Amino acid sequence: MTGRGARQGTGQRAVPPSTDSLRAPDRRRLYEQLAERLLDYVEVTGLAVGDRLPSERDLAEALQVSRASVRQATVALEVRGTLEVRHGDGIYLRSMPDDPHRLMELMTRRHRLPEILEAREALETHLAALAAARRTDADIDTMVKALDFMAAEIAEGGLGEEGDRLFHEAVTAAARSPLLAEFMAALAAPIAETRRSSLGEPGRPPRSLHAHQRILDGIRSGDPAAARQAMRRHVKMVADIGLLRWSSPDQP
């Protein structure tokens with residue numbers, strides 16, 4: 001007898017094959033891998049700040065992935081400040097990947113965002129509760145229209161930013177608290193920053209729309225506790241963004 005049977009019969013143990021060729025599976029999400037490919041493309045092709053990248057369609061064909069995956073990667077790089085996606089125009093290089101000034105700006109934003117999100121939770125959960133107690137039918141109509149607009153934006157491939165903004169604006173108005181409204185107005189720019197970062201997360205726009213609908217349900221039913229809880233859950237979701245998970249290559 002030859003082969004494995006002969007070795008087993010004589011009590012000899014075969015030498016196990018080498019594991020040198022094995023590689024740990026890549027645990028990164030697809031859009032993160034694509035983002036790295038795009039950064040490599042920028043470096044290899046020598047693109048300069050202000051140059052336009054190939055279209056989303058061309059990138060998808062070259063990378064052999066869906067356009068949705070490419071869109072997720074470009075949005076992730078837009079959040080980092082590397083790319084700028086101009087809807088209806090194209091994708092442009094906003095800064096070089098290793099630009100130290102951009103890196104410093106990113107890290108500054110990364111440290112500032114938790115404070116902004118903390119302020120949002122404190123203010124907006126209370127505004128949602130007040131809106132549930134004080135809203136009128138007209139307020140509800142305005143919120144519904146805002147969410148309809150957000151849904152239409154998402155259906156067209158957008159992030160739903162404007163509809164999102166209009167909804168939170170309507171909640172603030174329905175709370176009828178001039179002082180809290182002033183606080184929200186003062187935070188408009190930082191809040192817009194968190195909105196953009198959150199809605200840029202892959203798969204986030206539809207989830208955000210659903211979260212807004214739950215807030216609306218609590219306000220419409222006149223249930224301050226439900227409205228407050230729905231808003232708190234929404235802000236917690238907003239806090240789950242790539243920039244807060246990402247760290248500089250120089251950091252351990």
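The values are calculated or read from the model by the stated rules, or taken from the named source; none is laboratory data. Since the model is a prediction, treat every value here as computed from it, not as a measurement. Note that we place each Cβ from the backbone using ideal geometry, even for glycine, and neighbour counts take in every protein chain shown. These area figures cover heavy atoms from the full protein model, side chains too; ligands, DNA and RNA do not enter into them. Shrake-Rupley method; radii C 1.70, N 1.55, O 1.52, S 1.80 Å.
Here are the numbers for this structure:
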| item | result |
| --- | --- |
| Filter result for the condition that a residue is open to solvent by 40 Å² or more (accessible area, probe 1.4 Å), in contact with a Lys or Arg (Cβ under 7 Å, 6 or more places away or on another chain) and farther than 19 Å from A226 by Cα, over E156, E121, E161, E115 | E161 |
| Elements of type helices (runs of 4 or more DSSP H) in the stretch 123-238, at least 2 residues being at pLDDT 95 or above | 137-155, 161-175, 178-186, 204-220, 224-238 |
| Conditions (1) open to solvent by 40 Å² or more (accessible area, probe 1.4 Å); (2) under 25 Å from H87 (Cβ atoms); (3) of a type in the set (A, V, I, L, M, F, W, C); (4) in contact (Cβ under 8 Å) with a residue 60 or more places away in the chain; number of the one not met by I191 | (1) |
| Residue check, P202 surrounded by fewer than 19 Cβ atoms within 10 Å (Cβ to Cβ) and closer than 23 Å to P114 by Cβ | yes |
| Test: E78 is within 27 Å of A185 (Cα to Cα) and either open to solvent by 70 Å² or more (accessible area, probe 1.4 Å) or modelled with pLDDT of 85 or more (or both) | no |
| In the stretch 55-69, residue modelled with the lowest pLDDT [restricted to those that are open to solvent by less than 50 Å² (accessible area, probe 1.4 Å) and touching a strand residue (DSSP E or B) at 6+ places or on another chain (Cβ under 9 Å)] | E56 |
| From S177, S221, S197, residue being hydroxyl-bearing (S, T, Y) and surrounded by fewer than 16 Cβ atoms within 10 Å (Cβ to Cβ) | S221 |
| Residues that are among the aliphatic types (A, V, I, L, M) and within 23 Å of the chain's Cα centre (by Cα), drawn from the stretch 44-75 | L53, L59, A60, L63, V65, A68, V70, A73, V75 |
| Of the criteria (1) more than 26 Å from A239 (Cα to Cα); (2) out of contact with any Phe, Trp or Tyr (no Cβ under 7 Å at 6 or more places or on another chain); (3) at pLDDT 85 or above; (4) open to solvent by 30 Å² or more (accessible area, probe 1.4 Å), which one R94 fails | (1) |
